[in-house]
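The structure appears below as structure tokens.
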Ligand SMILES: Nc1ncnc2c1ncn2[C@@H]1O[C@H](COP(=O)(O)OP(=O)(O)OP(=O)(O)O)[C@@H](O)[C@H]1O
Ligand SMILES: [Mg+2]
């Protein structure tokens, strides 16, 4: 067999290592904002936010992932990055958002969250103004803005979820997680300017189990809240998720063909397809401001 010439071999190698070409998609005038929330903690929000962001960027979207879990931010752990600056520096007006933004992949940027900070409503007027001011700049800089929120019903979560175009509520099939998911949905439905709410069932043992979980929750929400809860999809229980977390790597990269990765790719497709250009509605920033007024 004849040897491949050196320059051709290195070109081939570069091609193999290069991420797949990103399809050309018309950029949006204003980002679509997705809040990722849950009633109970530890149900998989951060893993879904991180891997979904990567999957959406691979589909050609300009994605910005914000660690909005103010107080216990940890998305950086999954990306295995140690950033010197985070949202707390923006709040203190020491840095601008673009100075703390980290490039992860082509089409994917990340804003590290502020650990050890209080509730957004506890921030001084000045600090909150700084945050809102900076966030408003993001809307025109990306196609999708994903917010990894903290667990439960805090003012932060209500503010972000009410201002987002869509809230993905993550639950597992466990009754405790489901009860807390319903409680969150109920409070969201009563807060001003409720966005579209969709359910993602994580750690399901089968698509059938995930469907049954969605049907049960959707029926209750319809009956008692008069609210339609869309099924965004499911992520199967998969040991590759825990292994990837321990390796500090997103599972969609670490085990691209594992069941959880396949589920997230399908979730990205569904989220992307349900896409309406939100340019005509008032922006995320305006809605966030009106939440506090
Ligand atoms: N699909 C899955 N299959 C198996 N294990 C999973 C799956 N999703 C999440 N896990 C496990 O659950 C753990 C918690 O996940 P993650 O940190 O994403 O939850 P979270 O909702 O963001 O938590 P918190 O509320 O503390 O922010 C992971 O470290 C992983 O071990
Ligand atoms: Mg988390």
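The values are calculated or read from the model by the stated rules, or taken from the named source; none is laboratory data. Since this is a predicted model, take the numbers as computed values, not measurements. With ideal geometry, Cβ positions are generated from the backbone for all residues, glycine too; neighbour counts draw on all protein chains shown.
Just a few scattered comments:
- Selection from region 143-157 of residues that are part of a loop (DSSP other than H, G, I, E, B) and more than 18 Å from residue 50 (Cα to Cα): 152, 153, 154
- Selection status of residue 43, modelled with pLDDT of 95 or more, more than 20 Å from residue 159 (Cα to Cα) and not in a strand (DSSP E or B): yes
- Residue 135 being under 21 Å from residue 88 (Cα atoms), buried (at least 19 other Cβ atoms within 10 Å of the Cβ) and modelled with pLDDT of 70 or more: yes
- Single condition residue 57 does not satisfy, out of (1) in contact with a strand residue (DSSP E or B) (Cβ under 9 Å, 6 or more places away or on another chain); (2) away from ligand 2 (no atom under 14 Å from the Cβ); (3) outside any helix (DSSP H, G or I): (3)
- In region 255-275, the qualifying residues are those that are crowded, with 17+ Cβ neighbours inside 10 Å and more than 18 Å from residue 201 (Cβ to Cβ), and the one that is nearest to ligand 2 (Cβ to nearest atom) is 255.
- Region 158-172, subset away from ligand 2 (no atom under 16 Å from the Cβ) and either out of contact with any strand residue (DSSP E or B) (no Cβ under 8 Å at 6 or more places or on another chain) or not in a helix (DSSP H, G or I) (or both), residue modelled with the highest pLDDT: 166
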